[in-house]
Amino acid sequence: MDAEAAQNIAEIFWRGQMGLTRFAPESTPVLWPEHFDVSISLDKVNYGVSLGDAHIDESYAYAGPWESRRGPFWNVSFAARPMRLLRDDTALFDFFGEAREQAARD
C-alpha cells in the first residue's frame, strides 16, 4: 500500500467526518463500502465526501437531494465541490450549509 495515498484517504475521510458532525451533530456519518464515501442523510438530501469517481476525478464534497434540483448550484446531477477548494473545516461546513439552503429553496 502506498503510504501517501493511505494518508490522503485518511485525511479526506477525517475532514468529511468532522465536517458532517459539525454540520449535523444529531446525525452519525457512515462510511459506505459500495461507494467508499462518508455521508449522512438529512431532510431528504445526502451530504458527504467522496474520494472521487466517474463524476469528478478528485476528492469532493457533495449534496445530493433525493429529488433532482435545477440551477447553477447543482453543477453535476447534484452539487459537488472539490475538496482542494474547500481548504478548511469552515469552508466545508459552509458548503453543506449553503447546500441545505439551496435544497430547501429549489
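The values are calculated or read from the model by the stated rules, or taken from the named source; none is laboratory data. These figures come from a predicted structure and were not determined experimentally. FYI the Cβ positions are ideal-geometry reconstructions off the backbone, even for glycines, and counts take in every protein chain you see.
Computed quantities for the displayed model
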item: Selected residue (criterion: nearest to Glu11 (Cα to Cα)) from residues of the range 59-72 that are surrounded by 13 or more Cβ atoms within 10 Å (Cβ to Cβ) and at pLDDT 95 or above; result: Ser59
item: Odd one out for Phe23, checked against (1) among the aromatic types (Phe, Trp, Tyr); (2) crowded, with 17+ Cβ neighbours inside 10 Å; (3) over 14 Å from Phe93 (Cα atoms); result: (3)
item: Residue, surrounded by the fewest Cβ atoms within 10 Å (Cβ to Cβ), within the range 35-58, restricted to residues that are among the hydroxyl-bearing types (Ser, Thr, Tyr) and farther than 9 Å from Gly16 by Cβ; result: Ser41
